[in-house]
Amino acid sequence: MRIDIISVVPELIESPLNYSIVKRARDKGLVDIHLINLRDYAANKYKQVDDYPFGGGAGMVIMIEPVARCIAELKSQRSYDEVIYMSPDGELLDQPMGNALSLKQHLIILCGHYKGIDERIREHLITREISIGNYVLSGGELAAAVVTDTIVRLIPGVLGDETSALSDSFQDGLVAPPVYTRPADFNGWKVPDILLSGHTANIDKWRHEQSVKRTAERRPGI
Ligand code: ADE
């Protein structure tokens, strides 16, 4: 899979995608992530990519020309499954959406910044709009990093233990059960006996029951 992320501040996305599981996936060649600076597609020598909004008002708006030029260049090299725009009013990200996106080959993710992007970009160049929650970030970069992390860990081969993503919260409509590690007794705070029993079938049953209980308590709607 290849993900091209377009931004005016690509530095904001670098670090979250350069560590841990995503880093390992990149090193193994399971995902090819490119951070593209929109300013490299600016028309003038000032590298201008934003301008005042027509009709007035506060804030700057990302211009259509650099975005169109950047997307056209990418599309001339390969075909894309989706051209995603990160926006607080987009479709809400959830685990099923992550699963579906992890099966795609080529994705473009465009990050907004400032007041937003020229609406004609959304109308004509974007195929999908995604939000990571009902709150407003300073730009789409952190949201793009969240979407990318969600997708990458679901690509087959990325997680060492293939079953590991399957036991994630939300994967089967349930949140994950509690986990414990040594010591078995910390100042009288004990690990449930069942986990020390060695009875795999009983442990699986207990974990499932815990998941069901937690889901009912914390996410009754899912
Ligand atoms: N850009 C700004 N806020 C956002 C959000 N909540 N989700 C996606 N993109 C955003």
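Listed here are the pairs K47/K75; K190/K213; K23/K45; K47/K104; K75/K104; K45/K115; which of them are more than 25 Å apart at the Cα? Please list the in-between numbers first.
On the way: K47/K75 22 Å; K190/K213 20 Å; K23/K45 35 Å; K47/K104 32 Å; K75/K104 15 Å; K45/K115 23 Å.
With Cα atoms farther than 25 Å apart: K23/K45; K47/K104.
When the Cα centres of region 92-111 and region 31-54 are compared, how far apart do they sit, in Å?
23 Å
Excluding R122 itself, calculate the net charge of residues whose Cβ lies under 12 Å from the Cβ of R122, where each Lys or Arg counts +1 and each Asp or Glu counts -1.
Values: positive: R120, R128; negative: D89, D118, E119, E123, E129.
Within the 12 Å Cβ shell, the charges total -3.
I'd like the FRET efficiency for L92 and R2, computed as 1/(1 + (r/R0)^6) with the beta carbon distance as r and R0 of 22 Å, rounded to 0.05.
Values: r = 25 Å, r/R0 = 1.13.
With R0 = 22 Å, the Cβ-Cβ based efficiency is 0.35.
May I ask what percent, to the nearest 5, of DSSP beta bridges between residues of the chain are antiparallel?
20 percent
Which loop trypsin sites (Lys or Arg not before Pro) in region 17-94, with loop taken from DSSP, have no more than 12 other Cβ atoms within 10 angstrom of their Cβ?
Working: sites: K23, R24, R26, K28, R39, K45, K47, R69, K75, R78; in loops: K28, K45, K47, R78.
Passing sites in region 17-94 are K28, K45, R78.
Cut-off 10 angstrom, C-alpha nodes, Gaussian network model of the chain. Which of T148, T127, T200 fluctuates the most?
Its mean-square fluctuation being the largest, the pick is T200.
Relative to the Cα centre, what is the charge dipole magnitude of the chain, using +1 at the beta carbon of each Lys and Arg, -1 at the beta carbon of each Asp and Glu, and rounding to the nearest 20 debye?
Values: 25 positive and 30 negative charges, 69 e Å.
With Lys and Arg at +1 and Asp and Glu at -1, about 340 debye.
Tell me the Kirkwood radius of the chain: reciprocal of the mean inverse pair distance over distinct alpha-carbon atoms, in Å.
Values: mean 1/r = 0.0504 Å⁻¹.
About 19.9 Å for the chain.
Could you point to the residue in Q210, S138, A43 farthest towards the positive end of the chain's charge dipole, with +1 and -1 charges on the Cβ of Lys/Arg and Asp/Glu respectively?
Towards the positive end, the residue furthest out is Q210.
Could you tell me what percent of the DSSP beta bridges with both partners in region 19-123 are antiparallel, to the nearest 5?
Details: 2 of 9 bridges.
Approximately 20 percent, going by the DSSP bridge assignments.
Based on alpha-carbon atoms only, what is the radius of gyration of region 169-218 relative to the globular estimate 2.2 N^0.38 Å? Could the numbers behind the result be given before it?
Values: Rg = 12.1 Å, N = 50, 2.2 N^0.38 = 9.7 Å.
Cα-based Rg divided by the globular estimate yields 1.25.
Here, each number is a calculation from the coordinates, and none is a lab measurement. Since the structure is predicted, the reported quantities are computational estimates derived from the model, not experimental observations. Quick reminder, even Gly has a Cβ in these numbers, built from the backbone with ideal geometry, and neighbours come from all protein chains shown.
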